[in-house]
C-alpha cells in the first residue's frame, strides 16, 4: 500500500517565512567606486531634485570613523534643499498585514562629513552636521509611490555605535523596504547618521519580546 500525503496548494503559497532576507547587510563594497553599496538602491521620492548619481553613501574604512562590522558602512545625510538620503531593496517576500517584523541595526552620528560631496559646496571638505533620526518605509513596488512609514528611531546623537531593535507591523502589502534619514522637527538643516550591520528581518504572529533578548 502506498500512502500519498498531499498539501493543499493554497497552504503552500500562504506560508510566511520566519525571516525576510536582505542582501549585503554590512554594506560591503569592492572599491571606492561603489558609492552606493551593491544590492541597495535609493528611492528618488526622498531625494527631491538631487539625482541618485550624486549620492556618496558608502564610507570606507578610516581611523577616525571605524565601521561596526567589516571595512565599510553607510552615511545617510539630510540637506537644507529637502534631500533625504536613503537606501533600500526588494524583499524576497512581501510584508503583509497580521505579522510583526523585527530588525536589528547599528547606528551612530558623525558631526563632520569629510567626503567631498556634490550636494555640498565645492571645496567644502568639512561640514558641521546635526543629529537626525532614521525612518523605515514600505513601498509596494520600485516605481509605485504608494508607501507607508513603518517605524522610526529616536534622535541619533551618539558618536559610538549602538544597537537598535526596530519592530513594526505592516498596514498593507509592501515588497520594498527603505531606510531613510530625516530631520528632527519641522525645519530643514544639514545632518547625518551612520548605519551598519543590519540583520535579517524576523517575522512573527505575536509581538516580539525584545527586552527579553
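The values are calculated or read from the model by the stated rules, or taken from the named source; none is laboratory data. The structure displayed is predicted, hence computed values, not measured ones. Here the Cβ is made from the backbone with ideal geometry for all residues, glycine too, and neighbour counts use every protein chain on show.
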Tally of residues being exposed (fewer than 14 other Cβ atoms within 10 Å of the Cβ) and free of Cβ contacts under 8 Å to residues at least 40 places away in the same chain across the stretch 153-172: 1
Residue in the stretch 52-66 that is surrounded by 14 or more Cβ atoms within 10 Å (Cβ to Cβ), closer than 22 Å to residue 173 by Cβ and either touching a strand residue (DSSP E or B) at 6+ places or on another chain (Cβ under 6 Å) or modelled with pLDDT of 85 or more (or both) present: no
Hits in the stretch 134-150 (condition: modelled with pLDDT of 95 or more and either in a loop (DSSP other than H, G, I, E, B) or exposed (fewer than 15 other Cβ atoms within 10 Å of the Cβ) (or both)): 149
Residue ID - surrounded by the fewest Cβ atoms within 10 Å (Cβ to Cβ), chosen from residues in the stretch 194-204 that are over 13 Å from residue 23 (Cα atoms) and over 11 Å from the mean Cα position of the chain (by Cα): 204
Any hit, the stretch 108-124, residues being under 30 Å from residue 17 (Cβ atoms), modelled with pLDDT of 95 or more and within 21 Å of the chain's Cα centre (by Cα): no
